[in-house]
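Q: For reference, the structure I am asking about is given below.
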Amino acid sequence: MKITVFGTGYVGLVTGSCLADVGHNVICMDVDADRIARLEAGEMPIFEPGLAAMVERNVEAGRLSFTTDARSAVAFGVLQFIAVGTPPDEDGGADLQYVLAVADTIGRYMNDYRVIVDKSTVPVGTADRVHQRVAGALESRGVALEYDVCSNPEFLKEGAAIEDFTRGARIIVGTDSDRVQELMRDCYAPYNRNHDKLMFMDVRAAELTKYAANAMLATKISFMNEIANLAERLGADIEAVRRGIGSDPRIGYHFIYPGCGYGGSCFPKDVQALARTAHQNDYHAELLDAVEHVNDRQKRTLFQKLSRAFDGELAGRTIALWGLAFKPNTDDMREAPSRTLMEALWAAGARVQAYDPEAMQECRRIYGERDDLTLVADRVQAVQGADALVIVTEWKEFRTLDFEWLKSQLSLPVLIDGRNLYDPETVREAGLMYYAVGRGKSL
Ligand code: NAD
Ligand code: UGA
């Protein structure tokens with residue numbers, strides 16, 4: 001099958017290479033010429049485990065190619081996936097300019113039947129808008145061509161994107177057309193062999209399913225963070241509580257890890273955008289507002305704990321950070337809790353000495369060179385000469401730690417753990433002051 005994918009970010013590149021990997025012929029189009037040049041040179045624009053090898057083998061096999069040429073991209077695939085960004089606009093809604101620009105492009109160049117597949121996360125009603133934009137473009141060309149628009153939201157997680165795409169729990173397709181159903185079945189058939197994961201529904205339900213899924217997961221996290229904060233005040237251990245409630249299959253173990261708040265390019269923007277959609281439809285989504293509010297507050301807790309440990313005197317201090325990415329196995333720092341912490345530390349006059357296995361280049365890109373930020377080559381260097389250590393991202397390599405050694409490195413033996421990596425008793429026995437999330441009495 002011939003497939004075109006617009007956008008070569010996390011979703012576009014993963015979609016394009018996974019579909020090529022099962023034998024489809026795929027062209028990925030991006031307006032970012034630099035990104036396409038890098039991809040053509042075999043360089044990955046993002047860090048995603050397994051992706052580089054998958055791209056390479058499919059390019060070599062001649063099934064995957066990259067272009068900036070919109071005309072040839074539209075001419076190529078009967079399926080035209082839209083996988084471009086939908087960042088927040090100034091009201092917290094989803095900015096659809098990139099999605100609609102692709103719709104215009106398809107309308108401008110198509111000469112045959114096309115299925116436009118919305119894979120970007122878009123508010124309910126967007127498929128109708130895409131439909132109208134294509135109609136407008138065709139009308140201005142004075143041509144009448146058949147086309148369909150369907151919704152096929154993506155549920156992959158960064159860091160596990162290939163696994164999620166290829167073995168996802170479900171494949172949602174919003175359409176009322178039999179022809180589209182058949183084409184989408186063909187497209188996903190290689191990933192739909194053992195049991196039927198394809199779920200067809202109406203377009204609006206598919207669009208809402210994506211937001212509902214992210215909002216539900218974000219709600220679980222904010223709920224657990226709320227209970228963890230309470231546990232701290234009550235002297236209870238949230239890890240025991242987590243296991244205690246997770247064992248109930250109606251609750252489940254997934255996405256109930258308390259921490260320093262959810263980040264990334266999706267939960268924050270999607271919770272906000274759904275609340276905005278509700279507002280535009282005269283409904284105040286109070287729960288969604290609370291989920292967002294609790295998360296914003298949670299992101300500030302690392303700084304508050306540090307500040308209390310130093311009696312509010314952080315000026316001139318050097319704070320070591322382990323982890324900058326919003327979660328492990330990615331270099332993505334969008335909405336990362338590390339950013340909230342670093343910016344608060346800088347405002348308080350402290351210096352940051354940080355290490356992350358993948359996100360340091362991204363950190364430099366965001367903050368540039370500054371006197372109060374030192375990026376170091378490993379976790380050992382990060383704590384040298386530091387006053388305290390904060391764990392912000394739970395990279396695997398941080399899971400073991402020689403606490404005696406750490407104590408000997410820090411001026412004030414303070415370990416703030418935003419990801420509950422260690423056993424509080426063991427850490428405290430080593431003489432460190434250990435403050436995690438919801439693990440017994442806090443500062
Ligand atoms: P991204 O920012 O990583 O990549 C978007 C790409 O689209 C960029 O390379 C950009 O240059 C390109 N682009 C912009 N306008 C274009 C145009 N007119 N034609 C062709 N390319 C164009 O975005 P992403 O993280 O891949 O997210 C894409 C969408 O998927 C968003 O709606 C997001 O919410 C959703 N989503 C993301 C994830 C994730 O884990 N990142 C998971 C599921 C869904
Ligand atoms: C999330 C969803 O999990 C994907 O299903 C969805 O496709 C994607 O958003 C999207 O729409 O873009 P992602 O943001 O890549 O994926 O990462 P997650 O693993 O969901 O983590 C998000 C944030 O929640 C991270 O900051 C993580 O540390 C935090 N988190 C996650 C917790 O604090 N506790 C948990 O139990 C789980």
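Q: Quick one: check the C-alpha center-to-center distance for the stretch 326-359 versus the stretch 124-177, whole angstrom.
A: A separation of 35 Å, based on Cα centres.
Q: Need one number: nm distance between label points at residue 97 and residue 56, each 7 Å from Cα along Cα→Cβ, rounded to one decimal.
A: Calculated label separation equals 3.7 nm.
Q: Measuring from a point 7 Å past the Cα of residue 104 along Cα-to-C-beta, which residues in the stretch 123-153 have an amide N at less than 16 Å?
A: From the stretch 123-153, the list is 129-141.
Q: Is any residue of the stretch 28-63 close enough, with backbone N under 18 Å, to a label point placed 7 angstrom from the Cα of residue 361 along the Cα-Cβ axis, and if so, which?
A: Only 32-56 fall inside the zone, counting backbone N under 18 Å.
Q: Now, a different point. If you fit an axis through the alpha-carbon atoms of helix 178-188 and take the longest principal axis of the Cα set of the chain, what angle between them do you get, 0 to 90°, nearest 10?
A: With both axes taken from Cα atoms, the answer is about 50 degrees.
Q: Enumerate the aspartates and glutamates that residue 327 could reach by cross-link, defined here as Cα to Cα under 15 Å, with residues fewer than 8 away along the same chain left out.
A: Residue 327 reaches 48, 158, 335, 356, 358, 362, 394, 397, 417.
Q: Could you please report the charge total around residue 164, scoring K, R as +1 and D, E as -1 over all other residues with beta-carbon less than 10 angstrom from its beta-carbon?
A: Details: positive: 157, 167; negative: 154, 158, 163.
Charge balance near residue 164 sits at -1.
Q: Using only Cα atoms, find the angle between the long axis of helix 337-347 and the longest principal axis of the chain, and express it within 0 to 90 degrees, rounded to the nearest 10.
A: Its long axis makes an angle of about 50 degrees.
Q: Two-decimal Rg/Rh of the chain from alpha-carbon positions, Kirkwood Rh?
A: Values: Rg = 23.7 Å, Rh = 23.5 Å.
Ratio value, two decimals: 1.01.
Q: Next question, about the same structure. Just grab the label-to-label distance for residue 128 and residue 181, each label 7 Å out from Cα along the Cβ direction, in nm (one decimal).
A: Label-label distance for residue 128 and residue 181, simple model: 2.3 nm.
Q: Work out, step by step, the length gained on full extension between residue 404 and residue 240: first 0.36 nm times the residue separation, then minus their alpha carbon distance; give nm to one decimal.
A: Working: separation 164, 0.36 × 164 = 59.04 nm, distance 2.60 nm.
Between residue 404 and residue 240, full extension yields an extra 56.4 nm.
Q: If you don't mind, another one. Give, in nm to one decimal, the length gained when the segment between residue 192 and residue 411 is fully stretched (0.36 nm per residue of separation minus the Cα-Cα distance). Mind dumping the intermediate values first?
A: Numbers: separation 219, 0.36 × 219 = 78.84 nm, distance 5.63 nm.
That works out to 73.2 nm of additional length.
Q: If one takes the longest principal axis of the Cα atoms in the chain, at what angle in degrees, from 0 to 90 and to the nearest 10, does the Cα axis of helix 203-234 lie?
A: Taking the Cα atoms of the chain, the angle to 203-234 is about 0 degrees.
Q: Distance cut-off 26 Å, Cα to Cα: go down the list 269/441; 119/269; 210/305; 157/396 and report the pairs above it.
A: Numbers: 269/441 33 Å; 119/269 16 Å; 210/305 35 Å; 157/396 17 Å.
Correct reply: 269/441; 210/305.
Q: Okay, next question. Rounded to the nearest 5, what % of DSSP beta bridges with both residues in the stretch 2-201 are antiparallel?
A: Working: 2 of 28 bridges.
Here the share of antiparallel DSSP bridges comes out near 5 percent.
Q: Only helical DSSP H runs with n ≥ 4 go in: add -39500 (n - 2.57) per run for the chain, normalise by residue count and round the 222 nm mean residue ellipticity to 500 deg cm²/dmol.
A: Values: 18 runs with 199 residues, N = 443.
Counting only the DSSP helices, I get -13500 deg cm²/dmol.
Q: Connecting C-alpha atoms closer than 10 Å in a GNM of the chain, tell me which of 331, 30, 282 has the biggest fluctuation.
A: Per the Cα network of the chain with a 10 Å cutoff, 282 tops the list.
Q: Roughly what % of DSSP beta bridges within the chain run antiparallel, to the nearest 5? Could the numbers behind the result be given before it?
A: Numbers: 3 of 48 bridges.
Of all bridge pairs located within the chain, approximately 5 percent are antiparallel.
Q: OK, next. What relative contact order, as a whole-number percentage, does the chain give when Cα pairs under 8 Å and 6 or more residues apart are counted? Working shown, then result.
A: Values: 866 pairs, mean separation 54.8, N = 443.
Rounded, it is 12 percent for the chain.
Read the figures in this text as sums done on the coordinates, not as results from a lab. None of these values were measured; they are calculated from a predicted model. Cβ atoms come from the backbone with ideal geometry, glycine included; neighbour counts cover every protein chain shown.
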